[in-house]
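What follows is one structure encoded as structure tokens, with my remarks underneath.
The values are calculated or read from the model by the stated rules, or taken from the named source; none is laboratory data. All values derive from a computational prediction rather than experimental measurement. We place every Cβ from the backbone using ideal geometry, glycine too, and count neighbours over all the protein chains shown.
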Amino acid sequence: MIDLRSDTVTMPGRAMREAMVTAEVGDDVLGEDPTINLLQDKMASLLGQGAGLFVPSGTMANQVAIKTHIQPGDEILIDQDAHIYYYECAATAVIAGGQFHCLKGDNGILSPEAIAAAIRPPDIHQPPSRLVCLENTHNRGGGTIYTVERTTSITKLASSQNIKVHLDGARLFNAALAARTTVKELTGGVDSVSICFSKGLGAPVGSVLCGSADFIAEARRFRKMFGGGMRQVGILAAACLYALDHHVERLEEDHENARRLASELAQMDGIQIEPEQVITNIVIFDVAGTGLDAGSFSDKLATEGVLTIPFGPTTVRAVTHLDVRAADIDRALEIIRHFLKSSAR
């Protein structure tokens, strides 16, 4: 089975598992887990931030950040397809009491002009604009990226209006490779940033939230409140450290596989995709021309040995990752071609 549903399906290899088994551990709630402390410090340094905080998931990282940044009744400017808005179970409304002001980005990428136009004026009838949330890479946008220039322009605008910026950097290393820059450059000016290790980096679980030392001290309290204060969790941090040492540069293989998949899909009858828009590891294509909806297409394709995710009424998502090799892409393309020919009969 060729699993292209998500880069979250990766399995830790033998070397990563060995790193987990041999990890030095302590009580992280007491600040005594040396492997967690090493990971947090390393990520803070890589991102140019004052401190880091390990959490179980990207969703918790985002929601802890939002809770730390805002007060109930504050408004958050965000793209209408952002993960925080679309996939996090209305957590911001429930936990932080914040209100989203959804904007339409260009494949998920917001412009400074759109943000400026959405900032609320001082008015007792309106919620204050307190936070901007960005996503890099943008999942529903098809793995699109915020460039250094775009992020910098947004953070400068936000700062001038006394508004904070949180970056959901779940796939930030993918973005940095695609933009030929560093994760530090891509986060210049943001007030907080989260990075997920259980996606393209291939660790089994975990994210790190980074920000100033004062911000992280407050975020640590909210992590505990949310139930994210774990104990001898260095065994998980060890997997993340292994991923940082061994799985970052190889992300380019995933990008190459995604671009080839997109290029070949574009040549197939009934499938619509713009290959030039695929720049990282997410491939979103439209199957309306096949006469099937996305769910039926994915279900039928699964019976042939290729797993994908319905991503809209007629759109399907495929994600490349470290457990999918170039030969797997060749085989998947062969299966899809055969499947389309059989469906056309």
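How many residues, within region 194-225, are crowded, with 16+ Cβ neighbours inside 10 Å, more than 20 Å from residue 177 (Cα to Cα) and either without any contact (Cβ under 8 Å) to a residue 40 or more places away in the chain or among the aromatic types (Phe, Trp, Tyr) (or both)? Residues in region 194-225 being crowded, with 16+ Cβ neighbours inside 10 Å, more than 20 Å from residue 177 (Cα to Cα) and either without any contact (Cβ under 8 Å) to a residue 40 or more places away in the chain or among the aromatic types (Phe, Trp, Tyr) (or both): 2 in total. Checking each residue in region 1-26 for being in the same structural domain as residue 227 (by TED's automatic domain parsing), over 22 Å from residue 248 (Cβ atoms) and either loosely packed, with under 15 Cβ neighbours inside 10 Å or without any contact (Cβ under 8 Å) to a residue 60 or more places away in the chain (or both) picks out 21, 24. Scanning region 10-58 for residues that are polar (S, T, N, Q) and farther than 17 Å from residue 183 by Cα returns 10, 22, 35, 37, 57.
Among what's in region 240-252 and is assigned to a helix (DSSP H, G or I) and touching a residue at least 12 places away in the same chain (Cβ under 8 Å), pick the residue that is farthest from residue 14 (Cα to Cα).
252
Taking the criterion of being buried (at least 19 other Cβ atoms within 10 Å of the Cβ), outside any loop (DSSP other than H, G, I, E, B), of a type in the set (S, T, N, Q) and without any contact (Cβ under 8 Å) to a residue 60 or more places away in the chain, would at least one residue in region 261-279 satisfy it? No, region 261-279 contains no residue that is buried (at least 19 other Cβ atoms within 10 Å of the Cβ), outside any loop (DSSP other than H, G, I, E, B), of a type in the set (S, T, N, Q) and without any contact (Cβ under 8 Å) to a residue 60 or more places away in the chain. With respect to (1) at pLDDT 95 or above; (2) over 25 Å from the mean Cα position of the chain (by Cα); (3) farther than 29 Å from residue 179 by Cβ; (4) among the charged types (D, E, K, R), the lone exception for residue 264 is condition (3).
Criterion applied to 246, 255 was being within 30 Å of residue 44 (Cα to Cα) and within 19 Å of the chain's Cα centre (by Cα), and the one residue passing it is 255.
Filtering region 209-244 to residues that are under 15 Å from residue 60 (Cβ atoms) and of a type in the set (Val, Ile, Thr) leaves 216, 233.
Residue under question is residue 130, and the condition is that it be in contact with a helix residue (DSSP H, G or I) (Cβ under 9 Å, 6 or more places away or on another chain), farther than 22 Å from residue 182 by Cα and either free of Cβ contacts under 8 Å to residues at least 12 places away in the same chain or part of a loop (DSSP other than H, G, I, E, B) (or both); does it hold? Considered against the rule, which asks whether it is in contact with a helix residue (DSSP H, G or I) (Cβ under 9 Å, 6 or more places away or on another chain), farther than 22 Å from residue 182 by Cα and either free of Cβ contacts under 8 Å to residues at least 12 places away in the same chain or part of a loop (DSSP other than H, G, I, E, B) (or both), residue 130 comes out as no.
Candidates 187, 151, 147: the one that is surrounded by fewer than 17 Cβ atoms within 10 Å (Cβ to Cβ) and either more than 24 Å from residue 315 (Cβ to Cβ) or in the same structural domain as residue 110 (by TED's automatic domain parsing) (or both) is 147.
Within the group 153, 159, 194, which residue is among the small types (Gly, Ala, Ser) and not in a helix (DSSP H, G or I)? Exactly one of 153, 159, 194 is among the small types (Gly, Ala, Ser) and not in a helix (DSSP H, G or I), namely 194. Can we say residue 283 is outside any helix (DSSP H, G or I), closer than 30 Å to residue 22 by Cα and hydrophobic (A, V, I, L, M, F, W, C)? Taking the combined requirement at face value, the residue does not satisfy it. Looking for something of a type in the set (Gly, Ala, Ser), in a helix (DSSP H, G or I) and out of contact with any Asp or Glu (no Cβ under 7 Å at 6 or more places or on another chain) - is there at least one such residue anywhere in region 16-31? Yes.
For region 94-106, the criterion of being of a type in the set (S, T, N, Q), modelled with pLDDT of 95 or more and either part of a helix (DSSP H, G or I) or not assigned by TED's automatic domain parsing to the domain that holds residue 222 (or both) is met by none of the residues. Evaluate the following for residue 65: is it surrounded by 19 or more Cβ atoms within 10 Å (Cβ to Cβ) and under 21 Å from residue 184 (Cβ atoms)? So residue 65 fits the description; yes.
Say whether the condition of being modelled with pLDDT of 95 or more and assigned to a helix (DSSP H, G or I) is met by at least one residue in region 203-214. Taking every residue of region 203-214 in turn, at least one turns out to be modelled with pLDDT of 95 or more and assigned to a helix (DSSP H, G or I). Residue-level analysis places residue 66 among those that are part of a helix (DSSP H, G or I) and in the same structural domain as residue 133 (by TED's automatic domain parsing).
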